[in-house]
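Shown next, in structure tokens, is the structure this report addresses.
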Amino acid sequence: MDKIKRVINCVVPVKVCNFKCHYCYVGQNNVFNGKIEKLKYDNAHIQKALTKERLGGTCLINLCAEGETLLAPYLIDLVKRLLNNGHYVAIVTNGLITNKIEELCKFTIKQKSKLFIKFSYHFLELKKLNLTKNFFDNIKKIQNSNISFTVELTVNDESIPFIDDIKKDSLENLNFLPHVIESRNTTVDNFPRLTKLDEKEHLKIWQSFDSNLINFQTKEWMKKRCEFCYGGDWVLNLYLLNGDISICNGGGPKIGNIFEDINEPIHTYAIGNNCPFGHCFAAHFLLTFGVIPELNTPTYENMRERENWLQKEMKEFYSSKLIESNKEYSDDKKLLINTLRSIEENNDFDISECDNLSKKIEENLLQQNIKTIAIYNDDKFSKWLCELLSNTQIKVKYLYVLDSNYGLDSITNKFKHHYRYLYKKIKQNKDIILDKNDTWPHVDSIMITEYVDYLKHKELIKKKTNDKTILITELISK
Ligand code: SF4
């Protein structure tokens, strides 16, 4: 039985849709531009980038466009390749691109056993365009092909007068009511519910669908998450356009890129106790898979299953939790991650709180025979690392500044205030700040602090020296 290793939420760059739903979070932000952008890398390259070996195990790859996902011309072939890699694949669709749905139905039994179609039920648009029958016919095609599926309606005030019709249509065609899911107002901070009704009235109406989805969302709505979250490691948000990754479905800051060099391991960077959102962006999805392992939640299978909508293999996979295939970080690793995130956020920061961390990093580096290091680039992380290592056996020998626009004199001057430990050496007239024109003396390792463009920097360093490089977020590996 497969257990989930990672959730990869893939943002498919299709900014066009055959529907115009007023509650659509994409339409709210005027993202539609009528374009299906060309991917920077082809499907064969993406398949190699997303092997089980590289990702660490069997993943759920969720494909969702900023418009209608199945309009992407490369999608069917890509889905096949991801399934052939051994992953489980979910596709979010409005269910009307019939030729593509029929192609999915022709997949092999093995491929179909790991495929999941999320049909978004847009009642008003279907009625307006007279396409209700096509929608349910396509669901039946998927169901008759033994592909797992779900049908969910995004709740909205305008559909309330038609609730009886929605229920009648669903019961007639599915023998069951659809799931219902909250719509978010993404034009304001913290994405509150998109409704003019008061909460009680809103919930009374929509909970009549008896859907675990909205029931779980209600429990989690507006709860700020402060626990340690593995978004950015166990969960990744992947921009299919170019391979950039960020922390979770909510987006958030870029962590790196996983398509540029597919021979390089994937460098992750969890968000830790610093979730940037007012409440968990996709709680029904990510919390139920256990992105915050200390929370006791139902399984994702529990969110999705209705009346045999999930096939056996999918049901078992959706019942697994991320903690079953991943190890929680050590306290030291958690401290490192939280400290780096805190520096990034410019939070007040007391270096003396990092005593344990400096010992642990010293221990780790000495174990690898690293006694002398250089730090690549001049930023808040390099300042912190210099201070942190100043009372250890690890000697910071140089600071490499490659892209300096403001000249070494100015950096040297800045050192008086920011890099007290290294400044002592400046006073002794040692050349410790080097740029791309200097010869770089050998050190045991070079610490790269700019994790977002790690690969680019690694390439530049390679041109100057063969010294080993370490990414700052990986100073403690587990
Ligand atoms: S708590 Fe949810 S929204 Fe916040 S970072 Fe984690 S997965 Fe993302």
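The values are calculated or read from the model by the stated rules, or taken from the named source; none is laboratory data. A quick note: this is a predicted structure, and the numbers were derived from the prediction, not measured. Please note: Cβ atoms are built from the backbone with ideal geometry, for glycine as well, and neighbour counts cover all protein chains shown. Just so you know, the surface numbers come from the protein's heavy atoms only, side chains and all, with ligands and any DNA or RNA stripped out. Shrake-Rupley method; radii C 1.70, N 1.55, O 1.52, S 1.80 Å.
Here are the numbers for the structure shown:
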{"read-out": "Unique match (being closer than 19 Å to residue 248 by Cα, modelled with pLDDT under 95 and open to solvent by less than 70 Å² (accessible area, probe 1.4 Å)) among 183, 208, 159", "value": "183"}
{"read-out": "Residue in region 92-104 that is free of Cβ contacts under 8 Å to residues at least 12 places away in the same chain and over 21 Å from residue 265 (Cα atoms) present", "value": "yes"}
{"read-out": "Inter-residue pairs, beta-carbon under 6 Å, first not assigned by TED's automatic domain parsing to the domain that holds residue 295 and in region 265-284, second within 9 Å of the ligand (Cβ to nearest atom) and in a loop (DSSP other than H, G, I, E, B), 6+ apart", "value": "none"}
{"read-out": "Identity of the residue in region 71-81, open to solvent by less than 30 Å² (accessible area, probe 1.4 Å) and touching a helix residue (DSSP H, G or I) at 6+ places or on another chain (Cβ under 7 Å), that ends up nearest to residue 38 (Cα to Cα)", "value": "75"}
{"read-out": "Residues of region 186-205 that turn out to be open to solvent by 60 Å² or more (accessible area, probe 1.4 Å), of a type outside the set (Val, Ile, Thr) and part of a loop (DSSP other than H, G, I, E, B), as a count", "value": "4"}
{"read-out": "Filter result (within 7 Å of the ligand (Cβ to nearest atom) and without any contact (Cβ under 8 Å) to a residue 40 or more places away in the chain) within region 285-296", "value": "none"}
{"read-out": "Which listed residue is of a type outside the set (Gly, Ala, Ser), open to solvent by 40 Å² or more (accessible area, probe 1.4 Å) and within 16 Å of the ligand (Cβ to nearest atom), from 263, 308, 302, 274", "value": "274"}
{"read-out": "Helices (runs of 4 or more DSSP H) contained entirely in region 257-368, each with at least 1 residues that are within 28 Å of residue 54 (Cβ to Cβ) and out of contact with any Phe, Trp or Tyr (no Cβ under 7 Å at 6 or more places or on another chain)", "value": "312-318, 331-344, 355-367"}
{"read-out": "Flag if residue 343 is touching a residue at least 12 places away in the same chain (Cβ under 8 Å), more than 13 Å from the ligand (Cβ to nearest atom), hydrophobic (A, V, I, L, M, F, W, C) and surrounded by fewer than 21 Cβ atoms within 10 Å (Cβ to Cβ)", "value": "yes"}
{"read-out": "Members of region 224-251 that are closer than 20 Å to residue 323 by Cα, among the polar types (S, T, N, Q) and open to solvent by 20 Å² or more (accessible area, probe 1.4 Å)", "value": "249"}
{"read-out": "Number of positions in region 444-469 that are within 17 Å of residue 269 (Cα to Cα), hydrophobic (A, V, I, L, M, F, W, C) and surrounded by 18 or more Cβ atoms within 10 Å (Cβ to Cβ)", "value": "2"}
{"read-out": "Number of positions in region 43-70 that are open to solvent by less than 10 Å² (accessible area, probe 1.4 Å) and either in a loop (DSSP other than H, G, I, E, B) or under 27 Å from residue 138 (Cα atoms) (or both)", "value": "10"}
{"read-out": "Which listed residue is among the aromatic types (Phe, Trp, Tyr) and within 13 Å of the ligand (Cβ to nearest atom), from 176, 191, 209", "value": "191"}
{"read-out": "Residue 4, sole failed condition from (1) modelled with pLDDT under 95; (2) touching a strand residue (DSSP E or B) at 6+ places or on another chain (Cβ under 9 Å)", "value": "(1)"}
